Amino acid sequence: MKVPHALLGRPRDAAGMKRLALGLLVGAACLYALATAMEPRHAAWGYVAAFAEAAMVGAVADWFAVVALFRHPLGLPIPHTAIIPANKNRIGDNLGSFIATHFLATDQVLAKVRDFDAAGRVADWLSHPANADRVAARLLDVGRWAVGALDDERVRTFVADLARRGLAQVDVTRLSGQVLEAMTHERRHQELLDGVLVQLARLLGEDSVQDTIAEAIAREVKALKYVGLDQVAARLATRKVVVIVAKTIIDMADDPAHRLRRRFDDMVDGFVTRLKDDAALQARGERLKRELIDNPALGSYIHQLWGELLAWLQADMAHDDSSIRRTITQAARTLGERLAGDADIRGWINGELQAAAPRLIERYRDDIRRYIVARVQAWDAREMTDELERHIGRDLQFIRINGTLVGGLVGLLIHTATHAWR
């Protein structure tokens, strides 16, 4: 596996530094040869030779040390050389353990979480209109991609099949009974009845409806038509109907135990019981459901509905004044403003993060360590060595340069001390 260059930083001119270090070694060798040849002529050349000799020793020793980190010097399998390639896996294991111990320690992470104030930062960031619009733009990009990906015949077929399978697994009759039972809990169905009666009273109070009722009654009393009393009788009957219905509604509103309410309760309870327990009714419901599932019109309708939904989403998101984008932007700004103005909820969010952090750290710390170890072990040893040498080799060449100069100075010092002792 290739080594990510980003982990190693920017490469430097290692080759130039290598040439400089080698040049110093060659220079020290030439200086030593010259000083050795000239030493009989003057004693000072002995000091120069001592400097050059020690400089060569220091240069070669440090060259060996630097090269031994990455490969076998001169290709010879000398023990304890090529240290990095030979210990790549151990380096990865130690690196993973180091990060898990010193960077993912529970106390350290909790301290960072406390100081971070995530809720405050999110509130401040979202409160700026430009940031809220940026959130909307990013979500809209994701939405466009998702809608484009979902606008596919295979997806339509999958959705239709999924809807059929889901409907096939639902016991429609029993579920309807459970829904009605939930609706009638605490007599909520009586509120529905009240609403129906109020709407009926309003409907009967409309002139057009009363005229329609009067016309219907007039057609039924044909005998009075010949004496011109059919319309009169119809209007009287209509007013009577309206008065009776109004009085019934008033009575039912004033009396929770009204007999019509009790009959309505009994009817609803009986229907709920039948939906839940009547095998014949359930079989009929299943038969109707199966007919609906097998009807090709259902698949066509789902296809059409899916296509219309995606078309609407695509058209809206492509528009400069997208309602979806406006909604997301406004929601993001509102969230930021509400968070910024509510210290309690910010404290709750930060508190929940701090409470969850230890569990998450303990849960994933070892997973992170194993991930780092696995990644390093998967790297190619030769490539990792080349990359490391390419990126830090320039600094390592200073070791060779310093070894040449420091070695030469130490050799000169030893030579001088030796002559002084003599």
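Counting only Cα atoms, the range 1-155 measures 93, 46, 34 Å along its principal axes, largest extent leading.
Spherically averaged projected area of the convex hull of Cα atoms, the range 71-128: 7.3 nm².
For the range 403-409, 3J(HN,Hα) computed residue by residue from phi via the Karplus equation (6.51, -1.76, 1.60; θ = phi - 60°) reads x, 5, 6, 5, x, x, 5 Hz, glycine and proline entered as x. Once the 1.4 Å probe is applied to the protein heavy atoms, the range 311-357 comes out at 65 Å² accessible per residue.
Here is the list for the range 65-147: chymotrypsin sites (Phe, Trp or Tyr not before Pro) lying in DSSP coil, each with at most 15 other C-beta atoms within 10 angstrom of its C-beta, are F103. Treating each Cα of the range 101-167 as one equal point scatterer and applying the Debye formula with no solvent, the log10 of I(q)/I(0) at q = 0.21 Å⁻¹ comes out as -0.89.
Per residue, the range 35-85 exposes 56 Å² of solvent-accessible protein surface, assessed with a 1.4 angstrom probe and all protein chains in place. Against the empirical 2.2 N^0.38 Å (N residues), the range 349-422 has a Cα radius of gyration ratio of 2.30.
Here the accessible area of the range 318-406 is 56 percent carbon and sulfur, with a 1.4 angstrom probe and all protein chains present.
The values are calculated or read from the model by the stated rules, or taken from the named source; none is laboratory data. On a predicted model such as this, the values are computed, not experimentally measured, just so you know. Note: ideal-geometry Cβ built from the backbone for every residue, glycine included; neighbour counts use all protein chains shown. In case anyone asks, the SASA skips ligands and DNA or RNA and just uses the protein heavy atoms, side chains included. Shrake-Rupley method; radii C 1.70, N 1.55, O 1.52, S 1.80 Å.
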